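Pasting in a structure now, in structure tokens, and then I'll have a few things to ask.
Quick note: the coordinates plus some simple rules give every number you see, no bench work behind them. Keep in mind it's a predicted model, so treat the numbers as computed, not measured. Cβ: placed from backbone, ideal geometry, glycine included. Neighbour counts: every protein chain shown.
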Amino acid sequence: MVSINYATREVNCKIVYYGPGLSGKTTNLIYVHEKVPSSTKGKLISLATEADRTLYFDFLPINIGQINGFTAKFQLYTVPGQVYYNATRKLVLRGVDGLVFVADSQPDKMDENIESLTNLKENLAEYGYDYKELPIVIQYNKRDLPGVLPIDALEAKLNPDKWKYFEGEAVSGGGVFDTLKMIIKLVLAKAQSPSTGKSQKLSEVSSGAPAPRPDAQIPSTAASTSETGENRPLEPAISSADKTSSINSPIERPVPIAATAVPDEQPVLTRQEAYRSDIRQEPGLVSLPDEKESTIQDTNTANAVMQKVAVESGSPDSDRPFPGSSTSRISRRERRITVSDFQPAPRSQQYPVNDNIGTEDKNDNTEIESIMPKPTMAPSTRVVKKKRGLFKRLFGIK
Amino acid sequence: MSDDNLIIYEEEIEKVDVILGKMLKGAEAKCALLVDKDGHLITRQGFTHSLDTTALAALLAGSFASTKEIARLVGESEFSVLFHQGKKDHIHMSLVGDRSIMVVIFDDRTTIGMVRLYAKEAAAELSKIFSSLLDRSQNSKPGIDKEFTSSAVDRLDDIFQD
């Protein structure tokens, strides 16, 4: 299954080298790894036994660079050839896009070739793949050894489906690249979309036109700025559209949990919106989060964690509020209303905490407490004073 | 099955990234990867710049696949959660939908319980997105265009030289 990722702008294909044990599958990969430019290849990973026999798979990613704004990547896998590793061999076949069958040309290995080929068909069938529909190339390897079977004999026994074949000498590299090029061509041809309407997709995107889906607009700079997966720096899976938006807005705010987690709660958001107008001038909050700006960056993660710690230390029993979330703001407003019930302070004095919103709840609390007299004590003193004055006035005591 | 190309659009990845980011913050983990069971990396969030994510994705998918076989041998259909414990860093893997794996890498600043809690929530949200994505992929089968194929084939001769 070819994977086309419009967000990372990659086309990924999986090619598996199959064949009997010691036929030269890993040698093929080693040769490719040695010869291709370093910008093209990734690390060759080999899950092998101590005796250097493949235990699970070998893996070599090949990146042939950007084509029409998309990076074409091929992941080359080998399977363990030994018969008793069939369980792991089958796993590697999952999601395969193209197969290279590496056959051993020596006469005494013919049975093993046939067994491996049969096993391949069985394993593909278990995944529900039809081997007749899969791009397959045969490499008759070890042609440099003396006494190998002629190609006709090999073809007659191993290739009834007339797949394309190449003669190989994997140790010296003969036929390795020819095989690889052919299988890549076949895989790409297979992945090509049959209808013309759909085949416009990649070219449209690459030429800077809007993306095929109307709500996923890709700016024209996207193709030129996108990089390969390995080279992308700190902010990894951020789409190109978001990159541009983050350039426009000076500081991107972390996403309010409540806003994203429960987008349907309109009343909460409205209240929050109304409240935002009061705090627009806060120094710590340059731009306010909209639904569209809900991308999280690495740099913001650290900020948000620090802010969160501050919030939690201020109100330990709160339900893990997040700075900027509707929960924390609304609860803060509710606290103010309680204060005003006890003492109708001047408005300027009652709302002095605008500088602190979103930074620390602790400061907020202390300032409110300084304004607020003890709720139980304050009314009682006032009542006693009033009663005494009235008594004195009634009886004319001076 | 191999006929269906997996197409992932930006808008879906944006949603996925938001969910992963939220999960990372909640669990205070280092990074998260979303990996196809075939070994392709779908997206990543957090501090992944020092990681070879391509190789990681292939190996993690392989690791997950092998435990599936182990599960079958003990009479389970599949293990949905996998945990690797290291000296400093640990890896938590959980199944998302039918064909994706969410990988969370974390260290001792948080706990496995926190990661499991948030990963479970995130996996539930992600599986909804992926089920709709797969439905669409099955209905429409777009592929790569001819121009792309011919350009790629032209480039092969330059790259693969003996």
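Check each of the trypsin sites (Lys or Arg not before Pro) in region A:50-141 and keep only those in coil by DSSP with at most 16 other C-beta atoms within 10 angstrom; list them in order.
Loop-located and lightly packed - A:53, A:132.
Follow-up question, since we're still on this one. When a/c is below 1.5 the answer is rounded, else prolate if a/b is larger than b/c, else oblate, so apply that to region A:1-112 with a ≥ b ≥ c taken from the square roots of the Cα gyration tensor eigenvalues.
In terms of gyration-tensor shape, prolate.
Taking the Cα atoms only, what angle lies between the long axis of helix B:112-139 and the longest principal axis of chain B, rounded to 10 degrees?
30 degrees
Going by C-beta contacts inside 10 Å, put B:31, A:13 in order with the fewest on the left.
With the fewest neighbours first, B:31, A:13 line up as B:31, A:13.
Label points 7 Å out from Cα along the Cβ direction at residue B:71 and residue A:157: separation in nm?
Taking the simple label geometry, residue B:71 and residue A:157 are separated by 4.1 nm.
Name the longest site-free stretch of chain B, where the excluded sites are trypsin sites (Lys or Arg not before Pro) in a DSSP loop with no more than 13 other beta-carbon atoms within 10 Å.
It runs B:1-86.
With θ set to phi - 60° and the Karplus curve 6.51 cos²θ - 1.76 cosθ + 1.60, what are the ³J(HN,Hα) couplings of region A:61-76 in order, to the nearest whole Hz, using x for Gly and Pro?
Going residue by residue, I get x, 10, 10, 8, x, 8, 10, 6, x, 10, 8, 9, 10, 10, 9, 9 Hz, with x marking Gly and Pro.
Determine the shape class of chain B: with a ≥ b ≥ c the square roots of the Cα gyration tensor eigenvalues, call it rounded for a/c under 1.5, and otherwise prolate if a/b is greater than b/c, oblate otherwise.
Working: a/c = 1.65, a/b = 1.54, b/c = 1.07.
Verdict is prolate for chain B.
Turning to a different aspect of this structure: Can you run phi through the Karplus equation (6.51, -1.76, 1.60; θ = phi - 60°) for region B:47-61 and list ³J(HN,Hα) in whole Hz, with x for Gly and Pro?
With the stated coefficients, region B:47-61 comes to 8, 10, 5, 8, 9, 7, 5, 5, 5, 4, 4, 5, 6, 5, 5 Hz.
For region A:3-191, just the Cα set please: Rg and Dmax, both in angstrom.
For region A:3-191, the Cα-based Rg and Dmax read 15.9, 53 Å.
Follow-up. Inside 10 Å of the C-beta atoms of A:142-154, what's the mean count of C-beta atoms belonging to other chains?
0
Can you give the extra length, in nm with one decimal, that the chain gains between residue B:135 and residue B:87 once fully stretched, where that is 0.36 nm per residue apart less the Cα-Cα distance?
Working: separation 48, 0.36 × 48 = 17.28 nm, distance 4.12 nm.
My answer for the length gained is 13.2 nm.
When only DSSP loop residues count, what trypsin sites (Lys or Arg not before Pro) in region A:150-179 have their Cβ near at most 16 other Cβ atoms within 10 Å?
In loop regions of region A:150-179 (DSSP not H, G, I, E or B), the sparsely surrounded trypsin sites (Lys or Arg not before Pro) are A:162.
Just in region A:1-108: which GluC sites (Glu not before Pro) are loop by DSSP and have at most 12 other Cβ atoms within 10 Å?
Hits after loop and neighbour filter: A:50.
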